[in-house]
Amino acid sequence: MCAMRPEPVHEPGDGSSGSTGGGSAGTGDLGRPGNPARPEYPGWKAVLTPEEIRRALTRIAHEILERTHGGEGVVLLGIPTRGVHLARRLAARIGEFEDAPAPVGSLDVTMHRDDLRLRPARALQRTQVPPDGVDGKTVVLVDDVLFSGRTIRAALDALNDLGRPRAVQLAILVDRGHRELPIRADYVGKNLPTAHREAVRVLLTEIDGEDSVLLGERAK
């Protein structure tokens, strides 16, 4: 692994799906003592702490079990990169509640993105489907941030290539609004009202060495 860690930024024009959370936690809350600026990210504010992320994922796992009758026939597919790690965490939470983790995999959406011709140089990610496949299953797509909805549209197209699920649901850590397509998450960790000029960074321990969600001004 190289010394420079990846910095996940969801901002206008990136085609990413992403959400920024917190119902009442709009941009005006960022100056409060509980949301200090991060010295390693000048001008960025923490909007979700590690404990808040843990609680959000635990709640989402409970909600998935409630809506799917104990997780019957559920398959979790994470969208690379951070969605995959979130899906694995949700599978582990479900395993804690039901004595068996939900089947989990990953779904690369690269070749289905609608901006591929504008930015053709993209590295392909891994698609890994559990042994029983997705036919007749309730597939829960998992991603870190829901923004325009275009990544999720691409994920639906990619999923169509794998089989015919009984139902498809969407779990998101942060919903930042500004949808460009009629897509809505079934499970949301945090709703975060944002301005178009703002960007969201999701940091996860598996990749970044820490858990955090940051909000700041996007690069100009």
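Read-outs: derived from the displayed coordinates by stated rules, not from any lab. Because the structure is a prediction, the values reported are computed rather than measured.
Each Cα pair under 8 Å and six or more residues apart adds its sequence gap; the mean of these over the residue count of segment 140-220 is a relative contact order of 27 percent.
Across all directions, the average flat footprint of the convex hull enclosing the Cα atoms of segment 57-188 is 7.6 nm². For Val188, the residues whose modelled amide H falls within less than 5 Å of its own, excluding neighbours fewer than 5 places apart on the same chain, are Ile172. Remark: segment 92-99, residue by residue, has Karplus-estimated 3J(HN,Hα) of 5, 4, 4, x, 5, 8, 10, 6 Hz, where x stands for each Gly or Pro and the curve is 6.51 cos²θ - 1.76 cosθ + 1.60 at θ = phi - 60°.
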